[in-house]
Amino acid sequence: MIEPILLQGDVTAIANSINAVWVLMVCFLIFFMQPGFALLEAGQVRAKNAGNVVMKNMTDWSMGVLVFFLAGAGVYAMAGMLGSPSVEFSISGAFSHINDPTAWIGWLFGAVFAMTAATIVSGAIAERMKFGAYVAYAFVLVAILYPIVAGSTWGGTGLLSSTGFLGEALGVGYKDFAGATVVHAMGGIAGLTAAYMVGPRKGRFDENGDAQPIPGHSVLFAVIGTLILAFGWYAFNVGTQATVLTTDGSFNGAALGRVALNTTLAMGAGMVFSTLTTTLWEGKPDPLFGANGLLAGLVAITGACAHVSWWGALVIGIIGGIQTPFVYRWVVDSLKIDDVCGVFAVHGSAGFIGTILIPFFDVAGFSTNQLIMQVAGSAFIGTFTVLGTMVTLLVVDAIIGLRVSEEEEVTGLDPSEHGMHAYPEFTDDSGPERAVADGGSVPGSTEVRTDGGSVEDTPTPAIVEVTDDE
């Protein structure tokens with residue numbers, strides 16, 4: 001019989017090692033949210049712009065991690081230092097992660113959150129913003145805007161004991177556990193501001209200012225992307241509870257379980273009640289609003305998941321889901337802003353609402369100071385993001401311009417910005433699209449074949465002009 005070998009060694013060191021591996025695995029899973037964003041956004045745009053959207057998503061990650069390593073993480077740490085009297089301000093200390101191997105796991109954890117904030121914006125300004133202009137804005141967001149918001153709230157990137165000025169204010173600190181406002185609402189309101197500044201897509205509003213639908217090319221892509229994001233969200237929320245084992249070797253199961261349960265309940269409630277809302281409002285359940293409601297429930301609970309009771313999570317998820325179609329219609333119909341993927345309703349308003357509601361369901365009890373702090377902190381993040389986005393885009397517009405030409409927009413950003421088509425079978429050798437998957441049509445085009453035949457196998461139908469007399 002083989003006797004079991006008891007694990008020997010310092011309990012604290014073992015706990016720290018396990019916690020570090022946990023954080024690494026969480027980072028890898030949060031990265032998997034990137035294909036979720038790519039599918040979600042690509043599905044909600046027309047076929048002629050799908051390549052442009054996924055190119056922006058790849059750039060967000062690839063350029064973003066470089067920028068955050070060299071600049072963003074240091075700005076993040078400096079913003080945390082400014083709000084923490086106990087921490088001496090030091091530029092060299094803020095950038096010490098670059099040559100400190102013990103800080104690299106903490107840096108990666110901060111980076112995947114920064115990339116999420118950047119990626120959200122691309123869904124709002126899809127189909128008409130220059131690729132170069134978008135890259136320039138994403139650079140500034142990752143290098144400066146997001147790090148200031150995150151550092152002011154959460155403090156350093158794991159290098160420092162700072163908590164940022166919002167984290168220490170009013171003696172209670174701003175509560176945003178995993179980034180409902182720091183990441184999602186910031187990305188949502190940045191996207192709304194950018195969509196306003198770049199202007200609506202051609203044909204989005206008629207001569208009377210009434211919104212006209214521009215269907216995306218794949219509901220399937222959008223829903224699959226949503227479910228991938230939901231999977232990664234467990235890492236986003238539960239992973240922020242970075243302590244799996246305490247320093248005495250105890251399993252931190254209660255804290256992990258609360259975050260996991262609350263995340264799941266709010267997700268389900270968001271989807272169900274967004275669907276119920278659109279069913280009662282429009283007469284039929286809408287898959288895209290169901291998907292957006294699911295995501296809005298997740299966003300709303302992201303800041304609250306470690307703080308509130310399970311029934312509080314249900315209420316927050318329900319409110320997040322119900323508000324989604326109403327806020328989306330308000331943005332489009334009242335503000336006349338063409339937010340293509342509804343990022344403000346999903347990430348912006350849901351993030352702010354969920355974070356402000358924390359004191360009402362907090363297991364620690366209601367606190368007036370906490371409510372004031374939640375409102376004030378959300379106002380700071382929203383105001384700073386709007387102003388920072390406006391200044392950045394005004395500069396970018398003056399230098400390279402924000403928007404593609406009308407001709408390029410009609411042709412599609414895939415050929416005009418990248419010299420390719422995401423769906424080459426939709427085109428002939430001369431270039432113009434012969435079939436589209438965006439609800440439109442091309443005169444004289446052939447049908448798209450799904451039986452293995454080529455488009456040349458299908459004869460071009462005659463075009464018959466129908467007059468009112470007929």
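The values are calculated or read from the model by the stated rules, or taken from the named source; none is laboratory data. Quick caveat, the model's predicted, so the values are computed rather than measured. Cβ sites come from the backbone with ideal geometry, for glycine too, and all protein chains shown count toward neighbours. Heavy atoms of the whole protein, side chains included, go into the accessibility calculation; ligands, DNA and RNA do not. Shrake-Rupley method; radii C 1.70, N 1.55, O 1.52, S 1.80 Å.
Return a yes/no flag: does region 290-300 have any residue that is on the phi > 0 side of the Ramachandran plot and either assigned to a loop (DSSP other than H, G, I, E, B) or open to solvent by 10 Å² or more (accessible area, probe 1.4 Å) (or both). So far as region 290-300 goes, no, none of its residues is on the phi > 0 side of the Ramachandran plot and either assigned to a loop (DSSP other than H, G, I, E, B) or open to solvent by 10 Å² or more (accessible area, probe 1.4 Å) (or both). Each residue in region 368-385 was checked for being in contact (Cβ under 8 Å) with a residue 12 or more places away in the chain and surrounded by fewer than 16 Cβ atoms within 10 Å (Cβ to Cβ), and 4 pass. Being over 30 Å from VAL149 (Cα atoms), surrounded by 13 or more Cβ atoms within 10 Å (Cβ to Cβ) and either β-branched (Val, Ile, Thr) or under 24 Å from the mean Cα position of the chain (by Cα) (or both) is the filter here; which residues of region 386-411 pass it? Residues satisfying the conditions are VAL404, THR411. Consider region 309-349 and keep the residues that are outside any helix (DSSP H, G or I) and among the charged types (D, E, K, R). The one that is farthest from LEU265 (Cα to Cα) is LYS336.
Could you say whether any residue in region 246-258 is hydroxyl-bearing (Ser, Thr, Tyr), open to solvent by less than 30 Å² (accessible area, probe 1.4 Å) and part of a loop (DSSP other than H, G, I, E, B)? Looking through region 246-258, none of the residues is hydroxyl-bearing (Ser, Thr, Tyr), open to solvent by less than 30 Å² (accessible area, probe 1.4 Å) and part of a loop (DSSP other than H, G, I, E, B). Taken together, the residues in region 328-367 that are open to solvent by less than 40 Å² (accessible area, probe 1.4 Å), under 13 Å from ALA304 (Cβ atoms) and not charged (D, E, K, R) amount to 9. Within region 280-289, the only residue that satisfies the criterion of being open to solvent by 50 Å² or more (accessible area, probe 1.4 Å) and either in contact with a Pro (Cβ under 7 Å, 6 or more places away or on another chain) or under 30 Å from SER367 (Cα atoms) (or both) is TRP281. Listed by position, the helices (runs of 4 or more DSSP H) contained in region 43-133 that have at least 2 residues being closer than 30 Å to ALA291 by Cα and of a type in the set (Val, Ile, Thr) are 50-67, 104-124.
Looking at VAL436, VAL442, just one residue is in contact with a strand residue (DSSP E or B) (Cβ under 6 Å, 6 or more places away or on another chain), modelled with pLDDT under 95 and part of a loop (DSSP other than H, G, I, E, B), and that residue is VAL442. Can you pull out the residues in region 168-198 that are assigned to a loop (DSSP other than H, G, I, E, B), of a type outside the set (Ser, Thr, Tyr) and open to solvent by 10 Å² or more (accessible area, probe 1.4 Å)? Once the filter is applied, which keeps residues that are assigned to a loop (DSSP other than H, G, I, E, B), of a type outside the set (Ser, Thr, Tyr) and open to solvent by 10 Å² or more (accessible area, probe 1.4 Å), region 168-198 yields VAL172, LYS175, PHE177. Among residues of region 85-106 that are touching a residue at least 40 places away in the same chain (Cβ under 8 Å) and over 23 Å from TRP22 (Cα atoms), none has a Cβ under 7 angstrom from a residue that is open to solvent by 100 Å² or more (accessible area, probe 1.4 Å) and not in a helix (DSSP H, G or I) at a sequence gap of 6+ or on a separate chain. For LEU192, the conditions (1) under 19 Å from VAL45 (Cα atoms); (2) modelled with pLDDT under 95; (3) not charged (D, E, K, R) are fulfilled apart from (2).
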